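Asker: The structure under discussion is supplied below as structure tokens; questions concerning it will follow.
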Amino acid sequence: MRVKGFNHITINISDLQRSLQFYQNVLGMDLVHRGRTDAYLEWGDAWVCLLENKNLLRSKKKKLGVDHFAFSIDEEDFFAAVHQLEHHHVNIVRGPVKRGKGWTINFLDPDGVEMELHTSDLQERMMVWE
């Protein structure tokens, strides 16, 4: 699998405003987009997505903290990577799906940690934000 590097991390949080103050004012991340329950920030070459969900504390499936992390991959290498995941019977939880200008697939490691391969960058994602 020919991954280009780290793409983004999505973090489940309980209070978007409080988290934005920390990530912007303490860590120095640049705000690119703020929605009702999410925010996208740039930090160097990577992006960080904050995803507010006040119900996570009561949920058995997901917890506060890292939701998933993603690696960049060129589109010409994407479907070979999908084939490799399928060949090894990796648990695919979403995709492959085209989201805006890029392709994405989310899958689990043997301990259930969610990872993603993503072919677009933050600017392309913001053009088609849903």
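The values are calculated or read from the model by the stated rules, or taken from the named source; none is laboratory data. Computed from a predicted structure; not experimentally measured. Backbone-built Cβ (ideal geometry, glycine too); neighbour counts: all protein chains shown. Ligands, DNA and RNA are excluded from the accessible area calculation, which covers all protein heavy atoms including side chains. Shrake-Rupley method; radii C 1.70, N 1.55, O 1.52, S 1.80 Å.
Asker: Would you check which residues across the range 90-130 are among the basic types (Lys, Arg) and surrounded by 15 or more Cβ atoms within 10 Å (Cβ to Cβ) and list them?
Answerer: Residues satisfying the conditions are Arg99, Arg125.
Asker: Next question, about the same structure. Among the residues in the range 32-40, are any free of Cβ contacts under 8 Å to residues at least 40 places away in the same chain, surrounded by 12 or more Cβ atoms within 10 Å (Cβ to Cβ) and within 14 Å of the chain's Cα centre (by Cα)?
Answerer: Yes, the range 32-40 has at least one match.
Asker: Just one of (1) small (Gly, Ala, Ser); (2) in contact with a His (Cβ under 9 Å, 6 or more places away or on another chain); (3) more than 25 Å from Pro96 (Cα to Cα) trips up Ala39, so point out which.
Answerer: Result: Ala39 fails condition (3) only.
Asker: Would you tally the residues in the range 86-112 being at pLDDT 85 or above and in a strand (DSSP E or B)?
Answerer: Total satisfying the criteria: 14.
This table checks each residue for (1) touching a His at 6+ places or on another chain (Cβ under 8 Å); (2) open to solvent by 60 Å² or more (accessible area, probe 1.4 Å); (3) touching a residue at least 24 places away in the same chain (Cβ under 8 Å).
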| residue | (1), (2), (3) |
| --- | --- |
| Gly5 | no, no, yes |
| Ile11 | no, no, yes |
| Leu20 | no, no, yes |
| Trp43 | no, yes, no |
| Ala46 | yes, no, yes |
| Glu76 | no, yes, no |
| His88 | no, yes, no |
